[in-house]
1. Which residues, counting only those in the stretch 133-173, are open to solvent by 50 Å² or more (accessible area, probe 1.4 Å) and either at pLDDT 85 or above or closer than 30 Å to Thr77 by Cα (or both)?
2. Give Val23, Val94 a once-over and let me know the one that is modelled with pLDDT under 90, under 23 Å from the mean Cα position of the chain (by Cα) and among the hydrophobic types (A, V, I, L, M, F, W, C).
3. Search the stretch 97-125 for residues being modelled with pLDDT of 75 or more and in a loop (DSSP other than H, G, I, E, B), and hand back the single one that is surrounded by the fewest Cβ atoms within 10 Å (Cβ to Cβ).
4. Determine whether the stretch 194-204 contains at least one residue that is surrounded by 23 or more Cβ atoms within 10 Å (Cβ to Cβ), at pLDDT below 85 and either in a loop (DSSP other than H, G, I, E, B) or not charged (D, E, K, R) (or both).
5. Suppose we filter Arg74, Arg130 for residues that are modelled with pLDDT of 85 or more, among the basic types (Lys, Arg), in contact with an Asp or Glu (Cβ under 9 Å, 6 or more places away or on another chain) and within 28 Å of Tyr177 (Cα to Cα); which single one remains?
6. Hey, could you check the stretch 245-275 for residues that are assigned to a loop (DSSP other than H, G, I, E, B) and surrounded by 18 or more Cβ atoms within 10 Å (Cβ to Cβ) and say which is modelled with the lowest pLDDT?
7. Scan the stretch 44-62 and tell me whether some residue there is over 20 Å from Leu129 (Cβ atoms), open to solvent by 20 Å² or more (accessible area, probe 1.4 Å), modelled with pLDDT of 50 or more and part of a loop (DSSP other than H, G, I, E, B).
Amino acid sequence: MGILLKCFGGSASTSAKQPSTSVEYLCHRFSLAELRKSTNDFHESHFLGQGRHGPAYRGSISINGQLKDIAAKRLGTRSSISSDGLTLYKNDVVFMCQLHHPNLLSLVGFCDDKNEMIVVYEHAPNGSLRGLLGSKSPTFTWKKRLEISIGVARGTQVFSEGHETLRLESVKGPKGYIAPECFGGSNVTYKCDVYSFGVVLLELICGKTLSQISEPEGRQLENTADFFQFTWSVAEKVRNLAGTGRAEGIIDEILVGHIAAECSKLYMEIAESCLSEDPNERPDMGDVEGQLERLLKLQEEADSNNASL
């Protein structure tokens, strides 16, 4: 599946041929004792949060003689995971260990020891974008949000360059972020990531996660069709508000008056193109990155003109 799905805690089982590369060759294999020591035996003072697949703990550990801050995510015991789940775990570790990019959080190792399954990531001291958006009052500026979107686009493009086509046997992940075609039994491509990225763009301008956006309206979104229709309705509302100076509970209020009218309009055009139901109508991530970079320059010019008045 795509990189954004994995980053948001999802996973997919495919019929594509899986890598034969040894997991141990690609990344470090930790013992359970090492991870217990680095996290003070998974003490609550080291607790980072509860993810979709298990709790995560902060630690500091030596890898090849270099001290590194890490986040250890406990997935459960080997006996509690099905054989298919174990295969998926190994394939995901192999996949993530091969991704290296400044805008991607790297998987540095794993643990399969004493019946326990753990994945070890680089520790992000500022937390995740999802966590920042999920806070009560995200305070980062519109310019910073544009810079974040460009960074995510660049990281996503690493995976998209192969233009690989996959046949999904099953898919799991957070509702709302997964492209509609993933559930239709058809072949899927990197354009699934483009769709997920469109949802992230929507969240950045709203200052909330997709589930938080739905809460004020009391919407009970249960299936893929509900999420797809709701996402589109929110996108239309934001587009209609673009440049009007009115938030109406949709656009993040701290951004009102700080987004150039043309900038917000073009931003929503990019988001809506990424959210197209037809994957063939979604743009390539390279084109999206270029459009967002031009949009950032447009906003900077507007800010400069306003400052000189």
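The values are calculated or read from the model by the stated rules, or taken from the named source; none is laboratory data. Computed from a predicted model, the values in this text were never measured in an experiment. Glycine gets a Cβ as well: all are built from the backbone with ideal geometry, and neighbour counts include every protein chain shown. Quick note on the areas: whole protein, heavy atoms, side chains included, nothing else; ligands and nucleic acids left out. Shrake-Rupley method; radii C 1.70, N 1.55, O 1.52, S 1.80 Å.
1. Selection gives Thr141, Lys143, Lys144, Glu147, Arg154, Arg167, Glu169, Ser170, Lys172.
2. Values: Val23 fails: under 23 Å from the mean Cα position of the chain (by Cα).
Going through Val23, Val94 in turn, the sole match is Val94.
3. Initial filter on the stretch 97-125 (modelled with pLDDT of 75 or more): 106-125.
Add one more test, that the residue is in a loop (DSSP other than H, G, I, E, B), and what stays is 106, 114-115, 123-125.
Working: Ser106: 15, Lys114: 11, Asn115: 11, His123: 18, Ala124: 13, Pro125: 6.
Selected residue: Pro125.
4. The answer is no; no qualifying residue exists.
5. Numbers: Arg130 fails: modelled with pLDDT of 85 or more.
One residue alone meets the criteria, Arg74.
6. We begin by selecting, within the stretch 245-275, every residue assigned to a loop (DSSP other than H, G, I, E, B); these are 245-252, 256-260, 275.
Those left that are additionally surrounded by 18 or more Cβ atoms within 10 Å (Cβ to Cβ): 250-252, 259-260, 275.
Values: Ile250: 81, Ile251: 84, Asp252: 86, Ile259: 88, Ala260: 87, Leu275: 91.
Among those residues, the one meeting the criterion is Ile250.
7. No, there is no match, as no residue in the stretch 44-62 is over 20 Å from Leu129 (Cβ atoms), open to solvent by 20 Å² or more (accessible area, probe 1.4 Å), modelled with pLDDT of 50 or more and part of a loop (DSSP other than H, G, I, E, B).
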